[in-house]
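Heads up: the structure comes next, in structure tokens.
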Amino acid sequence: MNKNKKFPASGSVHPGIETYYKKFRKKLPDADTFVREITGGNRQYLSRAITLIESASPETKALASEIVRKALPYSGKSFRIGITGVPGVGKSTFIDRLGTAYVRQGHRVAVLAIDPSSALNKGSILGDKTRMENLLKMPRTFIRPSPSGNYLGGVGRKTRETIILCEAAGYDRILVETVGVGQSEIYVHSMTDLFVLLKLPGAGDELQGIKRGVMEMADMIIINKADGEMKTEAERAVRIFRNALHYFTFRNADEIQVMAVSSLQSDGITEVLRALEKQYERMITSGRLQSQRKAQLQFWFDESLNDLFKTFFENDTYLNNRRRELLDQVKNNEITPFEAAEKLWRLFLKKSK
């Protein structure tokens, strides 16, 4: 059976098939069994638990939450690395080579991809697993894409909970990939320890690229595809970025490393791994890792509250209608957005009494 298949709504299928689905639901193990199997290295149970997390079914939500809560004591012992870059920059090949190098050093590697599915045809625009040929063959790895549909905040929360389960399963190097467009970068940055930005050499956007907000999040900049005729261009891009970083005031330029690699030829991957590990050690000894993770927990607490309030307003017919009316007034310049929000909030307080 397809694990991602949703259970049909009551009355929508033949009674016999509906009974089968009900029996299948009853066969789900309890949270203690899930956690015991996950911590014991059972990848099948890990996959099933992640499917429960990703499911929109109210019937499995409580079980998924309990599994994550009971797995918390076993989490937090991995190095979480976020990797971003525009489509075509070679993220999947880079992750395949980096992950392979980690496995060869004795680490267990989990790859999680925030996969922004097409809003039109629901198809993935990331071909992660098909491009990670080496990692797919290794038993000490786990690769899991998370389709986001139209709700990145939701998939961000689910990916963060998936990290907890992967850590409980003993994966000590977790690579989280994002397509590198829009708000997905913010969510990946808020759940990882170090953030790696991949760039293409000779794309003509070296100077324009450094103005983007993602530069404020990057801990390392990798110029990928530095091979063949593009090797000279990659070395030039490294010099440009290193010089430009000194003009940024938000970070110490020396803290951000810029390197050129050829993922296809595995050239420079070992150096990237060493640099990542060195930064990770510095974070641990300086106390930055602990303080950063606490700040991330606050971020996700606030995000969860925002999501709950938004869902509540959308599901309440009266408040949603008033929201639409106030929004029309805002668009017609009859009221400010702040005043409209205050009015809606007062209606919520009055209704909740």
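Computed from the coordinates by the stated procedures, all read-outs in this text should not be read as laboratory data. Keep in mind the model is a prediction, meaning the values are calculated, not measured. Because the Cβ atoms are built from the backbone with ideal geometry, glycine has one as well, and the counts that use them run over all protein chains shown.
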Compute the whole-percent fraction of alpha carbon pairs in the range 277-353 spaced more than 20 Å apart. 54
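As an exercise, find the ratio Rg/Rh for the range 234-323 from alpha-carbon atoms, using the Kirkwood inverse-distance average for Rh.
Details: Rg = 21.5 Å, Rh = 17.4 Å.
The Rg/Rh ratio comes out at 1.23.
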Can you tell me the FRET efficiency between SER65 and LYS27 if r is taken as the Cβ-Cβ distance and R0 is 22 Å, rounded to the nearest 0.05? 0.65
Distance in nm between pseudo-label sites at ARG104 and GLN290 (7 Å out along the Cβ direction from Cα): 3.6
Expected sort for 63-76, 322-335 on mean C-beta neighbours within 10 Å, highest first, is 63-76, 322-335
